[in-house]
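Here is the structure we will look at, set down as structure tokens.
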């Protein structure tokens with residue numbers, strides 16, 4: 001896969017690959033701009049989660065939008081959205097969720113201070129920063145690919161990537177304050193910086209930048225914590241050609257990365273978010289599909305009367321025990337992710353059943369309970385934009401089962417490993433294949449983490465990053481085929 005010989009003297013000038021890259025980025029920027037900034041703007045409706053990012057970014061909902069009012073409104077009508085926010089006074093009640101997305105929002109506040117006419121924070125400022133960061137990541141990927149691939153393969157990569165990742169299923173997230181856009185743009189930056197490190201004769205600065213972007217990626221959402229180890233391993237692998245002192249300095253940076261992500265969530269734990277996951281994975285996951293829920297309640301050490309909560313959503317259902325102090329005192333001290341993992345380890349049949357159910361709900365890029373338009377945009381509630389939505393619709397037609405998901409990820413991993421070990425491939429090409437192995441690692445770990453921490457029935461939105469990694473792997477297939485034909489017919493890569 002992508003095993004192209006290094007550039008020869010007859011290779012095309014590097015300036016041509018740069019021009020192709022700039023053209024692709026310009027097209028992507030135009031598509032993002034149309035969706036995000038031309039009224040009616042496209043975004044992702046707030047389902048009540050924006051407050052976690054607003055507070056640490058120094059922002060708040062407009063006056064009169066009290067916490068309980070917002071929660072009640074969002075739970076009933078997910079079409080409610082407020083595209084403008086105000087500066088935080090410190091008196092708002094919010095469950096603060098500290099994540100690297102907050103850094104992007106602070107940059108967006110600076111941009112907003114220059115562009116805003118109303119004196120409030122406009123959601124499109126966040127869209128501008130998210131889109132710019134995404135374009136930076138894509139630019140780094142495209143630039144590295146231009147030096148590794150033949151012109152035909154490079155063109156296929158540019159066209160397919162722009163087509164997929166400017167789709168409304170991805171672009172709409174940029175006009176939002178969720179953790180998903182941060183996860184996506186930091187993944188793109190990790191890949192782009194990692195590929196630049198793979199092809200650089202002296203990769204020291206690129207590797208340092210990779211460690212920084214990896215730390216931001218791992219802390220974009222709590223569910224990304226499992227990615228710390230593969231990110232650290234990749235950083236160390238990229239440093240293999242570096243001098244001993246540089247490798248030692250990198251080892252210290254990697255150690256900091258390994259400590260940073262868990263520290264962020266242990267010092268400032270998102271309590272509501274953690275409790276929601278612990279509740280959902282049991283009552284809308286483990287017990288919901290159980291053939292004997294009373295036996296499972298006993299195995300978890302929970303009262304039998306808790307069976308009445310099976311299938312009850314923690315936030316959306318008024319029958320939920322989220323306001324019951326007795327439930328909180330009984331349930332959360334007894335249930336944690338370790339206990340749930342132990343249950344599945346001792347009940348492998350239930351684990352397999354849960355994963356199979358999760359496979360049927362894997363391939364969605366947007367959801368019926370989240371609309372794309374503000375309530376004043378003249379659109380019906382929960383309306384979805386149909387502009388640039390072809391990939392969204394096609395993606396949802398993928399075979400929704402665990403066998404297809406596991407088979408596709410397994411095949412992609414095998415081909416990337418083969419490319420990383422090719423004896424006739426250039427060192428840069430082999431290191432690039434190792435960087436791309438991050439994609440199946442992201443997909444597998446995201447799927448497993450979400451299934452374990454959320455359960456399959458309410459996990460669709462949480463699988464956003466898995467879908468992004470999976471789609472990126474799908475794009476490598478046609479690129480690899482074109483690259484193989486290019487070798488056969490003598491198309492060299494660009495000169496460095």
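The values are calculated or read from the model by the stated rules, or taken from the named source; none is laboratory data. Being a predicted model, the structure only gives us computed values, none of them experimental. Using ideal geometry, Cβ is built from the backbone for each residue, glycine included, and neighbour counts are taken over all protein chains shown.
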Original post:
Can you tell me which residues in the range 329-340 are over 17 Å from residue 295 (Cα atoms) and part of a helix (DSSP H, G or I)?
Top reply: 329, 330, 337, 338
**OP:** Check whether at least one residue in the range 26-45 is modelled with pLDDT of 80 or more, in contact with a strand residue (DSSP E or B) (Cβ under 7 Å, 6 or more places away or on another chain) and either surrounded by 14 or more Cβ atoms within 10 Å (Cβ to Cβ) or assigned to a helix (DSSP H, G or I) (or both), and report yes or no.
**Re:** no
Original post:
Going by the structure shown, is residue 289 touching a helix residue (DSSP H, G or I) at 6+ places or on another chain (Cβ under 9 Å), under 29 Å from residue 465 (Cβ atoms), at pLDDT below 85 and not in a helix (DSSP H, G or I)?
Top reply: yes
Subject >> Close pairs from the range 36-60: first in contact (Cβ under 8 Å) with a residue 24 or more places away in the chain and at positive phi, partner assigned to a loop (DSSP other than H, G, I, E, B) and surrounded by fewer than 23 Cβ atoms within 10 Å (Cβ to Cβ), Cβ under 6 Å, at least 6 apart >> reply: 58/88
Original post:
If you check 187, 195, which single one turns out to be touching a residue at least 60 places away in the same chain (Cβ under 8 Å) and within 17 Å of the chain's Cα centre (by Cα)?
Top reply: 187
